[in-house]
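Read the structure below first, then the notes.
The values are calculated or read from the model by the stated rules, or taken from the named source; none is laboratory data. Since the structure is predicted, the reported quantities are computational estimates derived from the model, not experimental observations. Backbone-built Cβ (ideal geometry, glycine too); neighbour counts: all protein chains shown. To get the accessible areas, we keep the full protein, side chains included, count just its heavy atoms, and leave off ligands, DNA and RNA. Shrake-Rupley method; radii C 1.70, N 1.55, O 1.52, S 1.80 Å.
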Amino acid sequence: MLIAVFVHYGYSIPQIKQLAGAQPPQAADSDAAPPAVSPQNQKLVTMAGPLAEWMQDGNAAAPASTERRVGKPHPNDHIAPSPVGSSSAVVHKTFALSNAINFPFQIPPHAVNAQLRGSYRSFVAQQSVQASDETADVAFLLMNEEQYATFIRGGSPDTLLNLDPSHDQDVNFGLPASRDLPVKYYIVFRNDPREGRKIVQADFKVDF
């Protein structure tokens, strides 16, 4: 019986040692996995600032575009070439005058110091030399568009310049400054038809 017991244990011990050797050794404490952290103990990191507020607000409107829409330019946006230092002829001719005759001219936008300069001489048509009395006198008027419209309708408009009738006259007149648009003016020579036809020599220009 003792022999049978020894034989049984002698056969079982080598199998136990083999099983023990096949098991891997336990990891050291330093390699152990960190303990799990409960969700209640985790700290949330929050973001602050305009970007965070915009991201958190799901209904936030998109930033407004600052792009300028293309449209009709304002007259003030247009920079016209300066006419300073130039001149523009208005009239340079000899003509017959029975009643009235006009010479329109225009100054460009942004003209600040436009000066109408010139002179005229008038004669009685039947004479070849200038008359020395009032028989050769003609009137000189300067009007803008509105005033001229009243004049041709037979009214008595206000004028920018209305000189006494003369047969030898110099003119030097500062025109109002133009702004964003060109301005039109009219020189008018007027004669009394009862005095007969006159001959007028006129020479006028605008200096800028």
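Residues in segment 115-208 average 56 Å² of solvent-accessible surface per residue, probe 1.4 Å, ligands and nucleic acids excluded.
I need the calculated FRET efficiency for the pair Lys205 and Thr135, taking r as the beta carbon distance and R₀ as 35 Å, to the nearest 0.05. E(calc), rounded to 0.05, equals 0.75. Binning all Cα-Cα separations of segment 123-208 at 5 Å, short to long from zero, yields these whole-percent fractions: 3, 12, 22, 20, 18, 13, 7, 3, 1, 0. By accessible area, using a 1.4 Å probe on protein heavy atoms only, segment 133-208 has 43% of its surface on carbon and sulfur.
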